[in-house]
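See structure below.
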Amino acid sequence: MRPFTQLTAPACPLGLSNVDTDQLIPARFMKEPRSVGYGQFLLYDLRFDATQQPVADFALNQPEAEHQQILVARRNFGAGSSREAAVYALVDFGFRCVIAPSFGDIFSSNAVNNGLLPAVVSEEDCERLLSAMHQKTSPISVDLEQQRIECNAVRIPFAINPVWRTRLLNGWDDIDLTEGYRTEIDRFIHHYRQAYPWTEQQSQGADASIERVNQ
Amino acid sequence: MGGMTLFDKIWQTHEICQNEEGQSLLWVDRHLAHEGSFHAFNKLAERGLSVRHPELTLGIADHYVPTNARNLINVNAKTRNVIEQLIDNTRAHHVPLIGLDDPRQGIVHVVGPELGLTQPGLLMVCGDSHTSTHGALGALAFGIGASEVAHVLATQTLWQSKPKCLRIHIDGELAPGVSAKDIALAWIARLGADGARGYAIEYSGSTIAELSIEARLTLCNLSIEGGARCGMIAADEKTLDYIGGRPMAPQGKAFEQASAYWLSLASDADARFDLELHLAAEDIAPTVTWGTSPEEALPITGKVPDPAQAQSAEARKHLQDSLDYMGLTPGQALTDIPINRVFIGSCTNARIEDLRTAASIIKGHKSKVPGLISPGSTEVKRQAEAEGLDQIFIEAGLEWRESGCSMCVGMNGDQLQPGERSASSTNRNFKGRQGPGSRTHLMSPAMVAAAAITGYLTDVRMLLPEEVTP
Ligand code: SF4
């Protein structure tokens, strides 16, 4: 995973609240393999009208959107479905940071797992940031070390779970880290199985139907 | 130190260790996979990893399956490909699979409890946010993303930061026509769609004790719509009765041993919660959503809100946007909203009790609009047919389908047309959830049946048959 330390980049004032993951990527695109690039599906039904024409005044359809790497939204960003495809769509479009007053819990952890920073700011600071962005199209600076955001004269702090901060700063991958805890895990299982023996097996014969599918 | 909550006890039991930042490595007892898990399997493949404990994962085809047949003959190539990837991936990794034509097939969150796979005290995960459903039986169950699914497949563990605890305590008796769905929509409307973000919810009180297991599953299912990590209800005698004898539950002596442990997991009398919400059952009315977030819900006797009365400019804009999308007029009575279609299905409200309730209301009537009924599982379908419920729906002019996620998410092609408005027993009224341009009103199955009869959003209390209490 690519580490995230500091980023200064043009930002997109999306400004919407309750942008759920169904909007971030509508379900019908999720059949596609990641290799097609999910950026093209990002906020598809807001970006395009029923005849597939781009919605002229939508933020992501502006020419400068191509270079934007930071998205600023209002409360409850990424709520709803656990689909990590929502994060793939943002990342593949080019975003590396989303700033909002609150995020869906599952979205945030999906974001961190893909090197996308979910930066939590207060409602007031979010409004200040959005108005500072409207005054001029100048870049936003995000410093994860200092947990600070700057745009023109506006300087605001942001919050992030310290564990996620460390992981983003280092670009660590969970599975590798966990393998380092093999001894602890094996020791745990040994005791756990003795105390709760019925948890060991979920069933016999659940696979009886594998061969019958597709007939 | 005070006592422990149900949540604390299960968390502690599953904690393998903590890292320096205080995050916990948790043991995962059960993992459920569905077609959408292909991203996670691909991640494993990229890294050349295998599934560490295939016997603790169960694959179930539900999100993309057709509901008009139990084969893939008329399924388009891309959808078929996603379903076949589940078959290929589970087979390659020796993970058991409940496939499309298996008599146990159904929506993961309906099948888990039905098979006895879901048990108190277990830590369960699935790459699906409504995994919170399983907490109704006293399990600690939550949805995860694809990277986390890959981690579970590779290690059978998960890193998590401990959420805080919210208790939602409800006392009193629900009025006829009011159900678990209404409790959920009522509290979400009160706290907001992110009101329980960062919390694990425990539901308690005399109202909860009275709820059937199926109603509890509905309530816990919707916890995520209020932003919660999970929803839980402590196991009681009803829970034990429900689980006993199910094929994947412990049997005989093991069941007795487990039962004693399960009952001991209830929150201690002096347990401390970080937040408490108290509701009175009497205050809860049949509730419907009018907007594009589950928090935008009101009692059916209410009126569409007026943006002119909003608190701030931003709130006004947001409200206007919801009304524009939904095609509604400020001040309009909710019962004056005409619908184009009804849907009863999903992991929220398609269990046998839901179908019985809806059938009892629609019996002898014709639906004013077309609609689908998709039972939560193939077993629910079988049982409904044995009781003749299918005939009641068919005589009302509705389509009786096979089980799957169907029009809850529209991935299999069961969708609304752009601009169409549904009365739906599902869980999300997000823009485009039931198809591009779709307009969804969430409500209980009883309320969907009532809407079918009149063609408008309708107060089911006007249509309740004698001696039926939904
Ligand atoms: S029925 Fe709907 S909410 Fe439930 S698992 Fe399927 S798609 Fe998700």
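Here is a yes/no grid of residues against (1) over 15 Å from the mean Cα position of the chain (by Cα); (2) at the interface with chain A (Cβ under 10 Å from one of its Cβ atoms):
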{"site": "B:HIS109", "(1), (2)": "no, no"}
{"site": "B:ALA136", "(1), (2)": "no, no"}
{"site": "B:SER161", "(1), (2)": "yes, yes"}
{"site": "B:LYS181", "(1), (2)": "no, no"}
{"site": "B:ALA184", "(1), (2)": "no, no"}
{"site": "B:TRP187", "(1), (2)": "yes, no"}
{"site": "B:ARG190", "(1), (2)": "yes, no"}
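Restricting attention to region B:428-447, and to residues there that are away from the ligand (no atom under 15 Å from the Cβ) and more than 11 Å from chain A (Cβ to nearest Cβ), which single residue is most open to solvent (accessible area, probe 1.4 Å)?
Only one residue fits best here, namely B:ARG439.
Of the residues B:GLN311, B:GLN320, which single one is at pLDDT below 95 and open to solvent by 40 Å² or more (accessible area, probe 1.4 Å)?
The conditions single out B:GLN311.
Residue pairs, Cβ under 8 Å, 6 or more apart or interchain, first in region B:297-318 and free of Cβ contacts under 8 Å to residues at least 60 places away in the same chain, second polar (S, T, N, Q) and assigned to a loop (DSSP other than H, G, I, E, B). List them.
From region B:297-318, the pairs are B:LYS303/B:GLN332; B:VAL304/B:THR329; B:VAL304/B:GLN332; B:GLU314/A:SER17; B:HIS318/A:SER17; B:HIS318/A:ASN18.
Name the pairs whose Cβ atoms lie under 8 Å apart, with the first residue in region B:244-260 and surrounded by fewer than 15 Cβ atoms within 10 Å (Cβ to Cβ), the second of a type outside the set (Gly, Ala, Ser) and assigned to a loop (DSSP other than H, G, I, E, B), and 6 or more positions between them or separate chains?
Going by the 8 Å Cβ cut-off, the qualifying pairs are B:GLY245/B:GLN251; B:GLN257/B:PRO250.
Can you name the residue in region B:32-58 that is facing chain A (nearest Cβ under 9 Å) and not in a helix (DSSP H, G or I) and, of all such residues, is farthest from the ligand (Cβ to nearest atom)?
Ranking the qualifying residues of region B:32-58, first place goes to B:LEU49.
Looking at region B:18-31, which of its residues are of a type outside the set (Asp, Glu), in a loop (DSSP other than H, G, I, E, B) and under 22 Å from the mean Cα position of the chain (by Cα)?
Matches in region B:18-31: B:VAL28 only.
Counting just the residues of region B:378-409 that are part of a helix (DSSP H, G or I) and within 14 Å of the ligand (Cβ to nearest atom), which one comes out farthest from the other protein chains (Cβ to nearest Cβ)?
B:VAL380
Please count how many residues of region B:410-427 are within 14 Å of the ligand (Cβ to nearest atom) and either open to solvent by 10 Å² or more (accessible area, probe 1.4 Å) or not in a loop (DSSP other than H, G, I, E, B) (or both).
If we filter region B:410-427 for residues that are within 14 Å of the ligand (Cβ to nearest atom), which is where we start, we get B:410-415, B:422, B:424-427.
With the extra rule that they be either open to solvent by 10 Å² or more (accessible area, probe 1.4 Å) or not in a loop (DSSP other than H, G, I, E, B) (or both), the set shrinks to B:411-415, B:422, B:424.
Result for region B:410-427: 7.
Please pick out the residue among A:ALA86, A:ALA79 that is touching a Phe, Trp or Tyr at 6+ places or on another chain (Cβ under 8 Å), in a loop (DSSP other than H, G, I, E, B), modelled with pLDDT of 95 or more and within 16 Å of the ligand (Cβ to nearest atom).
Residue meeting the stated conditions: A:ALA79.
Restricted to region B:59-79, and to residues that are in a helix (DSSP H, G or I) and at the interface with chain A (Cβ under 9 Å from one of its Cβ atoms), which residue is most open to solvent (accessible area, probe 1.4 Å)?
B:LYS78
Scan B:ALA452, B:ALA423, B:ALA396, B:ALA386 and give me the residue that is of a type in the set (A, V, I, L, M) and without any contact (Cβ under 8 Å) to a residue 12 or more places away in the chain. Quick ask: steps written out before the conclusion?
Numbers: B:ALA452 fails: without any contact (Cβ under 8 Å) to a residue 12 or more places away in the chain; B:ALA423 fails: without any contact (Cβ under 8 Å) to a residue 12 or more places away in the chain; B:ALA396 fails: without any contact (Cβ under 8 Å) to a residue 12 or more places away in the chain.
B:ALA386 is the lone residue from the list that is of a type in the set (A, V, I, L, M) and without any contact (Cβ under 8 Å) to a residue 12 or more places away in the chain.
Here is a yes/no grid of residues against (1) more than 23 Å from the chain's Cα centre (by Cα); (2) within 14 Å of chain A (Cβ to nearest Cβ); (3) within 16 Å of the ligand (Cβ to nearest atom):
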site	(1), (2), (3)
B:GLY231	no, yes, yes
B:LYS253	yes, yes, no
B:SER259	yes, yes, no
B:ILE284	no, no, no
B:THR287	no, no, no
B:ASP306	yes, no, no
B:ASP321	yes, yes, no
B:ASP324	yes, yes, no
B:ARG341	no, no, no
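The values are calculated or read from the model by the stated rules, or taken from the named source; none is laboratory data. Nothing here was measured: the structure is a model prediction, and the numbers come from that model. Cβ sites come from the backbone with ideal geometry, for glycine too, and all protein chains shown count toward neighbours. Side chains included, ligands, DNA and RNA excluded: accessible areas come from the protein's heavy atoms. Shrake-Rupley method; radii C 1.70, N 1.55, O 1.52, S 1.80 Å.
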